[in-house]
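Below is one structure, written out as structure tokens, with a few remarks after it.
The values are calculated or read from the model by the stated rules, or taken from the named source; none is laboratory data. Just so it is clear, the structure is predicted and the values come from calculations on it, not from any experiment. We place every Cβ from the backbone using ideal geometry, glycine too, and count neighbours over all the protein chains shown.
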């Protein structure tokens, strides 16, 4: 099968247009079909990337126009031709996220799922893409950052040809274009690059490199404790630094990240800020996916069906377990203290327990419904759904604690991850890939550890009971308790949207606001006759005791409403973990867990 060849050039950065040329040298005799994915792996929502294709035309090798018709929202059919068939199309790229593509005169970024049509029947052929520099003197310093292997003499970070073994590999390597800060380090001998696009002042690349190296080496050692062998030959962290943003998307040898530029470390300032800790946690999360979901996959993703939704009930394993290990690797790497880690766990516990959705939807159901619920959240989400990320991380924590207690610390969730890696991940891109079956996980845990989780597994994965974390922490000498904020104010049972107006973003089920007939979107204007704003509501509420009755004036769709509201008790400000038992047995379990 002959290679599929692409050329992509930032044709008009000011208009946010990439021009892509696709050539199939041996098109299907009855007419070649093409398709652009409707979603990108790792982000479980149909995004209709084809809507950004502005123009498209087809020609034969003589340059004559070939008829091409759209057959559905994301597919095209070309008329039969003799010899090579070439498509030329423009893609509008103005999505500043990690999921799609964006382009302007300061730089560009694209995922292959947004710009590279696949040629039906040729997905297993070699795919070669020529990434070209935009015309103009202003772009002379632009470079290319990607984990795609260079081809035909192309230099690292240079424009030119890059090669993938097949279409799946092609779209699994995002590309950053422009001027960017570059740093490098090695983790157990494997080169890792850090690419920071966007304006950042006094960036401490040395500290960032050292910190990421610790995280990467800890994760490599978790999966391959003997050989310390990474599953890739090179890895790229590519970050877009912006004024306000957060997110990441995993790929087989790289990750695309977006963060607030103030989260990045600054030269001469050694403190661990909340923003930098959050950024390191994001990097840790996406790097862990190199094993867990990019190579250890649910069977439903082997292979991906990028033309429609791909359902699995296992995202609690692939995202939830990854969310458990991301911060755990920070404390194991020595980047944060045990107290800091306990604070992060407590925050997660509080976030899960705050929403009534946890009592209605299991993490297995949340995983399956990601396409229509988790990625399409509305004002009622907290009352209706549970996050397979956050509760999934607590499920992982519960399993880890239970396994360690049952085996006196000899086995742990680490052993489960290693078994998954050995059986499903290590040879995923070599030979015939196999995915984890929907009902395989409980048996795999028992096989890896000798522990039968039984009712805990059923309740945690398929049920909606709250996890018995306080009990599970006891053998580790750790106490979990909720504590109200000092001088805590009574609660409305609602959360504001943020901004100058006191607009309700979420009204919690069973809370004071809901009982009084208030709804998300209502704008509070007065409390007992005093003006309410987004900035003074807390101050006003602090004057009352729980159970007090207050008159609320609010606008709903420009209609004034008056509600009599009975204030709730203060919200639990946070859940706190603290060490209460320092005896040797508890300390040993605790140390093996946090410094494994």
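Points to keep in mind about this one:
- Test: residue 192 is outside the structural domain of residue 103 (by TED's automatic domain parsing) and surrounded by fewer than 17 Cβ atoms within 10 Å (Cβ to Cβ): no
- Meets criteria (touching a helix residue (DSSP H, G or I) at 6+ places or on another chain (Cβ under 8 Å) and surrounded by fewer than 23 Cβ atoms within 10 Å (Cβ to Cβ)) for residue 381: yes
- The number of residues in segment 39-67 being in contact (Cβ under 8 Å) with a residue 24 or more places away in the chain and surrounded by fewer than 20 Cβ atoms within 10 Å (Cβ to Cβ) comes to 13.
- Filter pass, residue 282 being assigned to a helix (DSSP H, G or I), surrounded by 24 or more Cβ atoms within 10 Å (Cβ to Cβ) and touching a residue at least 40 places away in the same chain (Cβ under 8 Å): no
- Here the condition is being under 29 Å from residue 94 (Cβ atoms) and modelled with pLDDT under 95; of 201, 195, 175, it holds for 201 alone.
- With respect to (1) in the same structural domain as residue 418 (by TED's automatic domain parsing); (2) without any contact (Cβ under 8 Å) to a residue 40 or more places away in the chain; (3) farther than 23 Å from residue 333 by Cα, the lone exception for residue 591 is condition (3).
- The test for being closer than 23 Å to residue 203 by Cα and surrounded by 18 or more Cβ atoms within 10 Å (Cβ to Cβ) holds for residue 187.
- Hits in segment 80-110 - residues which are under 29 Å from residue 180 (Cβ atoms) and without any contact (Cβ under 8 Å) to a residue 60 or more places away in the chain: 95
- Some residue of segment 7-27 being part of a loop (DSSP other than H, G, I, E, B) and touching a strand residue (DSSP E or B) at 6+ places or on another chain (Cβ under 6 Å): yes
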